[in-house]
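Asker: Input: one structure, supplied below.
No value in this document is a laboratory result; all are computed from the given coordinates. Since we're looking at a predicted model, the values are computed, not measured. Quick reminder, even Gly has a Cβ in these numbers, built from the backbone with ideal geometry, and neighbours come from all protein chains shown.
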Amino acid sequence: MSSNRLSREYENGVSEFVKFAVAHAEDPSRMICPCLGCCYGKRVDAVQLTSHLIRHGIDRSYTYTYDCDRVEEIAEALEGDLKDCPEMFERLVSDAEKPLYDGCTKFTRLSVVLKLYNLKAGNGWSDKSFTELLALLKDMLPEDNVLPNRTYETKKMLCSIGMSYDKIHACPNDCVLFRNEYASLNECPKCGVS
């Protein structure tokens, strides 16, 4: 499922993946979702799993293992992380446990960044518009909130957990993103700037 999410090949891959997941799930109505929106934090049925994988994409590092194998794999990965870069690991754990603001029980710093960045990526928002959204949300939340101020800070957090991104060129006037039907263009179809 490494194809373009809009392709027939990707849809076929999702279909095969879901069939395999249902066949091997203990409870097919409550499978853990590996899509980039849920980040393994939600249980879904086959229909939801298909929808999530097509809409959000799959965590590229996902590998299927039985639960007993998975515990050992996670322990080995954590041990390696602790040895290689303990500061990054501690910061990641801190962000995953730190409430968005005092008294907030629904979101942590990391969970809100993942959810907001998923919206950014899924809707093709520019870095500029995302930074403006972050600034507005930060002002709307209680003063002690730990929401990042800028897109740069969110990307830095996500890259530290292995989530990279593809850079898509945009019109300097923010008219269009040069992707999909505009990917091969050298100048903006709206304003003509190159």
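Asker: Quote the convex hull volume per residue of the range 8-56, based on C-alpha atoms, as a whole number of Å³. Show your work: numbers first, answer last.
Answerer: Values: hull volume 2.8 nm³, N = 49.
Looking at the range 8-56, the number lands at 57 Å³ per residue.
Asker: Could you compute the net charge surrounding Ile32? Neighbours are other residues with a C-beta less than 9 Å from the C-beta of Ile32; K and R count +1, D and E count -1.
Answerer: Overall, the nearby charge balance is +3.
Asker: What's the ranking of 107-120, 12-25 by average number of surrounding C-beta atoms within 10 Å, highest first?
Answerer: Values: 107-120: 19.2, 12-25: 14.5.
Result, highest mean first: 107-120, 12-25.
Asker: Moving on to the next point. Contour minus end-to-end for Cys175 and Ser129, with contour as 0.36 nm per residue of separation and end-to-end as the Cα-Cα distance? Could the numbers behind the result be given before it?
Answerer: Numbers: separation 46, 0.36 × 46 = 16.56 nm, distance 1.20 nm.
Gain in length upon complete extension: 15.4 nm.
Asker: Based on the Cβ-Cβ distance of Leu141 and Leu119, what FRET efficiency does E = 1/(1 + (r/R0)^6) give at R0 = 22 Å, to the nearest 0.05? Don't skip to the answer; put the middle values down first.
Answerer: Working: r = 16 Å, r/R0 = 0.75.
After rounding to 0.05, the efficiency reads 0.85.
Asker: Still on this structure, please answer the following. Report, ordered by chain and residue number, the lysines lying within cross-link reach of Lys19, taken as a straight Cα distance under 29 Å and ignoring same-chain residues fewer than 8 apart.
Answerer: Answer for Lys19, where 29 Å is the Cα cut-off: Lys42, Lys115, listed by chain and number.
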